[in-house]
Structure formats: structure tokens, C-alpha cells
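Asker: Questions regarding the structure given below will be posed in turn.
The values are calculated or read from the model by the stated rules, or taken from the named source; none is laboratory data. Not measured: the values here are computed from a predicted model. Heads up, the Cβs are rebuilt from the backbone with ideal geometry, glycines too, and the neighbour counts pull from every protein chain shown. Accessible surface areas use protein heavy atoms only, side chains included; no ligands, DNA or RNA. Shrake-Rupley method; radii C 1.70, N 1.55, O 1.52, S 1.80 Å.
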Amino acid sequence: MFQKERFIEDCRAALKDPDTHAAIRELVARVVSDPADVLRELGEPERAGVETIYRADDLTILNLCWGPRMTIRPHDHRMWAVIGIYGGREENTFFRRNEQGLKQHGVKVMNARDTAPLGASIIHAVVNPLDQITAALHVYGGDFFATPRSEWDPTTLEERPYSVEHTMRAFEDSNKLLKSA
Ligand SMILES: [Fe+2]
């Protein structure tokens, strides 16, 4: 049975594993293999937003709910990450740096029960292609909020320091759509 406190303990224990990233992936995969169990603990998502389940220097656990059709511009993390979807669908577009800024090099569609490990150097953009909320657990190998990172302008693909405001505005716009629906 999924429980936040237990999950935090399991993730903290996995930090001592020689292959932490793989151990966390396994943990997240096990949790999202039963979406109903996750919903029982975290609640049925009704709003777009982010809930910090745990935050420390070496580990961040987020419950992220993407609103309908919400898009997150290209960004990096500078730490390993594991994403596990427990509701809806998430489209990840991956990029690599080049002379122009960024070049697209792959797309990965994730559905409920899917888990993906992301390396520390990956750059991705995220879209919720559905008219419903997409809900995901995100685990990061560091303090996600305190680490300086980059984002890229979605049109010019110019790199600049990550702005949490853009993400918060995307959540707000998404919630306005939810309210008017
Ligand atoms: Fe990301």
C-alpha cells in the first residue's frame, strides 16, 4: 500500500544503494503500477499544481498535476530524476544543445503506470495532451528548488536562467481553463 511517509523512507534508503537511480526507478515503478492506490493516498487531482512531498539537499519528491493541455517549456534539471505517471498522459520532447541553441532529438509518450529515468544532463519540454489532469510522481536526486538551472524560450530556443514564474503561470492559466470548463 502506497503511503507518503513510507515512500520517503524507501527513497532515503535507496540513496545508499550503489545504483541509486535504478533503485529509485524500481520504487517509483512499483508505486505507479497501481494508480488507484496512489490516488487513495494523494487524492483525486482536481487542480493543476505541485505538491512538495519531501525536500532535502539530496532528494526532492513532488506530486505534479499538469492541467489540461498544459505545456512546460524546455528546461534542464542538473540532477537525475525519475518520473512515474499515475493518471493521464505526458508527452516529453527531448533536446540537445547545438549552435542555434537546441535541437530536438526524440519524443516519449508516457501513460499511467509508465516510469522513466532521466539523466542529469537531459533537456526536455513537457505537454499534457489531454483535456484532463495528468498526475505524476517526480523524484529528483537533489534539492530541485535550490539548484540553478536553465530554460529555453519556446520560440527562439534561447537559453536563460530557469524562471519558476513561467511554470507557476502555466499552472494558473491551466486552472482558469479548468474553472471555466
Ligand atoms: Fe522536467
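Asker: Given a 1.4 angstrom probe, I'd like the percentage of the accessible area of the chain that is carbon and sulfur, rounded to a whole number.
Answerer: Ligands and nucleic acids excluded, carbon and sulfur reach 48 percent.
Asker: For labels at ASP19 and ASP131 in the simple 7 Å Cα→Cβ model, what's the distance in nm?
Answerer: Those two pseudo-labels are separated by 4.3 nm.
Asker: Over the chain, consider all pairs of different Cα atoms and compute the Kirkwood hydrodynamic radius from their mean reciprocal separation; express it in Å, one decimal.
Answerer: 16.6
Asker: Hey, rough spin-label estimate for GLN104 and ASP58, points 7 angstrom out along Cα→Cβ, what's it come to in nanometres?
Answerer: Calculated label separation equals 3.9 nm.
Asker: Right, next: If you filter segment 1-103 for trypsin sites (Lys or Arg not before Pro), then keep DSSP loop positions with at most 10 other Cβ within 10 Å, what is left?
Answerer: LYS16
Asker: Tell me the label-point distance for the pair ALA146, ALA120, using the 7 Å Cα-to-Cβ offset, in nm and rounded to one decimal.
Answerer: Label-label distance for ALA146 and ALA120, simple model: 1.7 nm.
Asker: Hey, what number do you get for the chain at 222 nm if only DSSP H runs of n ≥ 4 count, each worth -39500 (n - 2.57), divided across all residues, to the nearest 500?
Answerer: -8500 deg cm²/dmol
Asker: Calculate, for segment 1-104, the solvent-accessible area per residue in square angstrom, rolling a 1.4 angstrom probe over the heavy atoms of the protein chains.
Answerer: 51
Asker: How high is the relative contact order of the chain? Use alpha-carbon pairs under 8 Å, at least six apart in sequence, and give a whole percent.
Answerer: Relative CO of the chain lands at 27 percent.
Asker: Sticking with this one: Report D for segment 103-181 in µm² per second (integer): Stokes-Einstein, Kirkwood Rh on Cα pairs, 10 °C, 1.306 mPa s.
Answerer: The estimated diffusion coefficient comes to 105 µm²/s.
Asker: DSSP loop GluC sites (Glu not before Pro) in segment 32-103 with at most 16 other Cβ atoms within 10 Å of their Cβ, which ones?
Answerer: Counting only loop positions with at most 16 other Cβ atoms within 10 Å, the GluC sites (Glu not before Pro) in segment 32-103 are GLU46, GLU99.
Asker: Multiply the residue gap between THR155 and ASP37 by 0.36 nm, knock off their C-alpha separation, and tell me the result in nm, one decimal place.
Answerer: Answer, rounded to one decimal: 38.5 nm.
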